[in-house]
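Heads up, the thing below is written out as structure tokens.
The values are calculated or read from the model by the stated rules, or taken from the named source; none is laboratory data. Keep in mind that this is a model prediction, so the values were computed, not measured. Note: ideal-geometry Cβ built from the backbone for every residue, glycine included; neighbour counts use all protein chains shown.
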Amino acid sequence: MKKFAVLLYVLFSFAMIHAQDHLAFKGVPIDGTLDEFVACLEEAGLMYEGGENGTALLHGDFAGFRNCNIRVETLQSYDIVNHVTVSFEAQNNWKKLCRNYSSLKEMLTKKYGKCTECVEKFDSQYSPSNDGSRMTLLYLGKCNYYAIWEMENGIIKLDIVKGSTVLSNGMSRLQYWDKSNTELLQQKVLDDL
């Protein structure tokens, strides 16, 4: 019995060390096959919406925000998860959009520390003075709002992007890249050359 307990402890310790090598999303290490990772996210409360070509789309609440769209990606020919994107609900005014971005940035800073890179500006000859002009610059691709956290096990990027359905809206987007799986996939691609 004592040998079994020691073996169980060693296996559990190995699993915990292995999990720490990967960036986590909703407490789930970004690792494994697409089906395995999606199953874990469904257990964590997200709803599977569909997917194809090495991607899965999910929907649900994330970090206190409702109606988020989550995209999980693999390199199609290698079924290993390495990238997760969260798109937050679209907003049609800059004040709400910026409030969401700032709230997420503050939470990420509490969890991961100060970001390694941050740009929050408009690429314009004039300084936008109201919500309408800020949203117009976002639509024109002249809005650079992002923060990046680089860590040993991956990269997290928070940004503001223009919406995909309505010309006058934008959304916060959060992206997670697991370092070891991204490097593994890059090596597999290089091995093909």
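Restricting the range 1-54 to residues that are farther than 21 Å from Asp178 by Cα and β-branched (Val, Ile, Thr) leaves a set whose member that is modelled with the lowest pLDDT is Val10. For the range 143-193, filtered to residues that are under 27 Å from Ile80 (Cα atoms), hydroxyl-bearing (Ser, Thr, Tyr) and at pLDDT below 95, the residue that is farthest from the chain's Cα centre (by Cα) is Ser180. Restricting the first member to the range 106-121 and to residues that are in contact (Cβ under 8 Å) with a residue 24 or more places away in the chain and closer than 18 Å to Asn144 by Cβ, and the second to residues that are acidic (Asp, Glu) and outside any helix (DSSP H, G or I), the beta-carbon pairs closer than 9 Å and six or more apart or on different chains are Cys115/Glu150; Thr116/Glu150; Glu117/Glu150.
Here is the figure for the range 43-56: residues that are exposed (fewer than 14 other Cβ atoms within 10 Å of the Cβ) and either touching a Pro at 6+ places or on another chain (Cβ under 6 Å) or not aliphatic (A, V, I, L, M) (or both) total 6. The condition (being among the β-branched types (Val, Ile, Thr) and buried (at least 19 other Cβ atoms within 10 Å of the Cβ)) is satisfied by just one residue among Ile160, Ile148, Ile155: Ile160. Please state which of the following conditions Thr74 fails to meet, knowing it meets all the rest: (1) touching a strand residue (DSSP E or B) at 6+ places or on another chain (Cβ under 6 Å); (2) assigned to a strand (DSSP E or B); (3) at pLDDT 95 or above; (4) under 23 Å from Leu158 (Cα atoms). Status for Thr74: all satisfied but (3). Being part of a helix (DSSP H, G or I) and over 27 Å from Cys40 (Cβ atoms) is a description that applies to Thr136.
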